Amino acid sequence: MLTEAAGVPVGLAVDGANRNDFKMARAAIESIPVERPDPEEEGAQGLCLDKGFDYPEVYALLAEFGFTAHIRARGEEAQALKRRAGFKARRWVVERTHSWMNRFRGILIRWNKKAENYIAMLHFALAMIAYRASGLFG
């Protein structure tokens, strides 16, 4: 899943649980449905990833799409947590969005046998999350 800074989902790529995360990076970036603005030198577009994406292929992919990579190396985040009292990890927004997805029973417990139905349920849940985040519910 790919989210924007506030945790609103903007992209989704689905594959088997035994597939490494970094292999799904291209599919996740290409799944963004809206047209991104062109990256500029002074307003670079960053992409925060966890240490599971710390591979040369991912750095090359992010450079291809014009993103600035923010990938923590192993142990680097733990050291930052020890040094600064109010330090908060950047990836918590994606984890919070995963928590929001757990509120949908059809996703939390996979009842669908067909992959198409499960993917449709994921898209519906992410659409509901985005709608709620827009503040239109009141």
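The values are calculated or read from the model by the stated rules, or taken from the named source; none is laboratory data. Source: prediction; values computed, not measured. Backbone-built Cβ (ideal geometry, glycine too); neighbour counts: all protein chains shown. Quick note on the areas: whole protein, heavy atoms, side chains included, nothing else; ligands and nucleic acids left out. Shrake-Rupley method; radii C 1.70, N 1.55, O 1.52, S 1.80 Å.
Checked against (1) touching a strand residue (DSSP E or B) at 6+ places or on another chain (Cβ under 8 Å); (2) without any contact (Cβ under 8 Å) to a residue 40 or more places away in the chain; (3) hydrophobic (A, V, I, L, M, F, W, C), LEU49 passes all but condition (2). If the condition is being among the polar types (S, T, N, Q) and under 16 Å from LEU61 (Cα atoms), then region 1-29 contributes only ASN20.
Can you pull out the residues in region 2-48 that are touching a Pro at 6+ places or on another chain (Cβ under 6 Å) and within 29 Å of LYS113 (Cβ to Cβ)?
Selection gives THR3 alone.
Exactly one residue out of MET24, MET1 is open to solvent by less than 100 Å² (accessible area, probe 1.4 Å), in contact with a helix residue (DSSP H, G or I) (Cβ under 8 Å, 6 or more places away or on another chain) and within 16 Å of PHE53 (Cα to Cα), and it is MET1.
Of VAL58, VAL34, all but one fail to be surrounded by 11 or more Cβ atoms within 10 Å (Cβ to Cβ) and of a type in the set (A, V, I, L, M, F, W, C); the exception is VAL58. The residue of region 95-138 that is nearest to ASP50 (Cα to Cα), among those that are open to solvent by 100 Å² or more (accessible area, probe 1.4 Å) and assigned to a loop (DSSP other than H, G, I, E, B), is ARG103.
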